[in-house]
1. Just to be sure I understand the filter: pairs with C-beta atoms under 6 Å, separated by 6 or more residues or on different chains, first member in the range A:112-124 and away from chain B (no Cβ under 12 Å), second member of a type in the set (Ser, Thr, Tyr) and in a helix (DSSP H, G or I). Which pairs pass?
2. Determine, yes or no, whether A:Val370 is outside any helix (DSSP H, G or I), among the β-branched types (Val, Ile, Thr) and crowded, with 22+ Cβ neighbours inside 10 Å.
3. Given the conditions (1) within 19 Å of the chain's Cα centre (by Cα); (2) within 14 Å of chain B (Cβ to nearest Cβ), which single one is not true for A:Pro151?
4. Inspect all residues belonging to the range A:169-182 and state whether any of them is on the phi > 0 side of the Ramachandran plot, more than 14 Å from chain B (Cβ to nearest Cβ) and without any contact (Cβ under 8 Å) to a residue 24 or more places away in the chain.
5. Looking at the range B:48-66, can you tell me whether even one residue there is assigned to a strand (DSSP E or B), in contact (Cβ under 8 Å) with a residue 60 or more places away in the chain, of a type in the set (Gly, Ala, Ser) and surrounded by 15 or more Cβ atoms within 10 Å (Cβ to Cβ)?
6. How many residues are in contact with a strand residue (DSSP E or B) (Cβ under 6 Å, 6 or more places away or on another chain) and touching a residue at least 60 places away in the same chain (Cβ under 8 Å) if we restrict to the range A:35-70?
7. Filter the helices (runs of 4 or more DSSP H) completely within the range A:185-288 down to those with at least 1 residues that are within 18 Å of A:Asn313 (Cβ to Cβ) and facing another protein chain (nearest Cβ under 10 Å).
8. Restricting the search to the range A:283-325, which residues are touching a residue at least 60 places away in the same chain (Cβ under 8 Å) and of a type in the set (Ser, Thr, Tyr)?
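The values are calculated or read from the model by the stated rules, or taken from the named source; none is laboratory data. No experiment lies behind these values; they were computed from the predicted model shown. Positions of Cβ are generated from backbone atoms using ideal geometry, with glycine treated the same way; all protein chains shown enter the neighbour counts.
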Amino acid sequence: MGRRRKKRQEQGGQQKTTPRTAQPHDFRRVDEYIWELPQDFRDDMRVPARLFGDEELFGAAFRDRTVAQLANAATLPGIVGYAMAMPDFHQGYGFPIGGVAATRADSGVISPGGVGYDINCGVRLLGTHLEREEIAPYLHDLNAVLYRACPSGVGGKGRERVSERELEELVVDGAKWALKRGLARQEDVAHTEEQGCLAGADPGQVSARAKERGRPQVGSLGAGNHFLEIDAVDEVYDPEVADVFGLREGQVVVQIHCGSRGFGHQVCDDYVKGLQSAVRKYNIQLPDRELVCAPINSPEGRAYYGAMACAVNYAFVNRQVLAMGVREAFEQVLAGKVKNFDLFQVYDVCHNIAKFEEHEVGDQRMRLCVHRKGATRAFGPGYPGLPADYRDVGQPVLVPGSMGTASYVLVGAQKAMELTFGSTCHGAGRTMSRSKARKQVWGADLKKELERQGIVVHAGSDKGLAEESPLAYKDVSRVVEVVHGLGIARQVVRLQPLAVIKG
Amino acid sequence: MGKRFEEIEHTADVAIRVRGRDLAELFVNAAYGLACQLSDPDALDLTIEQEIELEAYDAETLLVSWLGELLYLSERDECVLADFDVLEIASTRLRAVARGGPVQGHRRHVKAVTFSEMEIVRVGGGYETTVVFDV
């Protein structure tokens, strides 16, 4: 095998050396919240890299491999502007989490590593017509019924069973499929990124194994950091925009955080393995094999996009089916007890995706493939693709906090189009490994502490609970302050948790 | 054999460092490292046996495929595979037997086996690599 490696290096024409890792002094502070690593820091970087954060967040980037991974992302062929990390950044695999990288659609590459395994992991926000006081007496019942209505756990089976043929329709049509099956309302579809259907999905590019894994899981939460949460709006920063989104102080809302389950994981897995040979075929040099990619305009690149779009649509349907489960649970517990138990959809956003969008690069308008890995689209007012009723204010951006802490609803802003290819943060961002969190926190203690704060908790395992302890995360408020300060999204309301279901 | 793998710090996911005197031992130890993420291997009743045959582009892809296959089987059959015999191995081909037992849910959800930081290198009379699991 040693010989084989040597041969590979000779073919590549250069010896493999470990790239330098940047230190804080290698960065230039461009603005209060913008830190830039120049392109000439490493020979293989094609663009400069930018980290967004205040001084403390910037300092945290050097405690793990975030900075090295960000510089690695800057080496992707066809990348334009900057390789960027939103302020909730942390070490991932291949790309850092919080990573945004845009490549030229005509000559750049698409990278499954720049999207991740949980393709279209995202958040859906449902609004109610209830005040927090109205729901308080029923919170325990509601949480128990929700736990049953929205299946969770590893390999957990979903609410819907679909045949292989139905699955193929589902992944092509996304939310429209759910609409046809009576599992969605027209307004749900309108209030979903891409109207719940990313164009270009090609089930012919999806492996039999991905389909096999996907079929039983439609309408399931999964495990890990995925959750379902009942919250109350406890602070309104922008009453006008809040009103447009149907949000007001004291109102009860529901967040659903999950993705494309085994289907998406398998699609990513298949292509990260399958494209390893494409990297060699197209003579692409990569500092980390997880950054594996192929030219967008190659058979391999097109195949990945077609399969990824299927997983994106699967995730939209997954959250849609869970939303219907939430509606059922509310009806079951609250019918006859409150005036209006219905839930309406505020919005649904993707956190892990690659999409074709047009952006200004320098003074040129370009069609780009924007990779967002742990980042949210944040289109400002007037952009096509936004629902008609939100077009004047901008796109809702849903930023869940760590368990038991606040979450935020933001609105996309014009500055995001100028600075970040229309992107912003997606959450709090981890600071501590899961093993360390487990050593420092007992799941059972954390549960008691959350309950002492009046938060009802239903979790698959105490260990899983401990790993998701707020201690292991950055302060989401700090992250949100940075994106608000940068102007790449503005604060609209804050949500405080009342009940949590963790996968 | 000493410690079969060690967990190394990773902010969001789980990373292990694995060594083996030869490729076969490296693959077995990595698989054991995965099994320990999913359950307590000592508590398993080894009633399931599965033969696995794989071909891949190179040794790293073979290792990712091997671990991915074990992960897939453990999810599909609600089991954990923790005892292994490598029958045949080359850098692009593997034939092995994996034994394990049924479990009631996994200890943690491992979404996937990544290529991140993976590079099988020769170290003093053996092989070593890092494996990062997406959790």
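1. Matching pairs, first to second residue: none at all.
2. Numbers: outside any helix (DSSP H, G or I): yes; among the β-branched types (Val, Ile, Thr): yes; crowded, with 22+ Cβ neighbours inside 10 Å: yes.
It is true that A:Val370 is outside any helix (DSSP H, G or I), among the β-branched types (Val, Ile, Thr) and crowded, with 22+ Cβ neighbours inside 10 Å.
3. Exception for A:Pro151: condition (1).
4. Taking the range A:169-182 and keeping what is on the phi > 0 side of the Ramachandran plot, we get A:174, A:182.
Remaining after also requiring more than 14 Å from chain B (Cβ to nearest Cβ): A:174, A:182.
Among the residues that remain, those that are also without any contact (Cβ under 8 Å) to a residue 24 or more places away in the chain are: A:182.
Looking for residues that are on the phi > 0 side of the Ramachandran plot, more than 14 Å from chain B (Cβ to nearest Cβ) and without any contact (Cβ under 8 Å) to a residue 24 or more places away in the chain, one finds at least one in the range A:169-182, hence yes.
5. Pass one, the range B:48-66, residues assigned to a strand (DSSP E or B): B:48-55.
Narrowing further to those that are in contact (Cβ under 8 Å) with a residue 60 or more places away in the chain: none.
Checked the range B:48-66: no residue is assigned to a strand (DSSP E or B), in contact (Cβ under 8 Å) with a residue 60 or more places away in the chain, of a type in the set (Gly, Ala, Ser) and surrounded by 15 or more Cβ atoms within 10 Å (Cβ to Cβ).
6. Total meeting the criteria: 3.
7. Working: elements: A:186-190, A:208-214, A:239-244, A:261-274, A:276-281.
Answer list for the range A:185-288: A:208-214, A:261-274.
8. A:Tyr304, A:Tyr305, A:Tyr314
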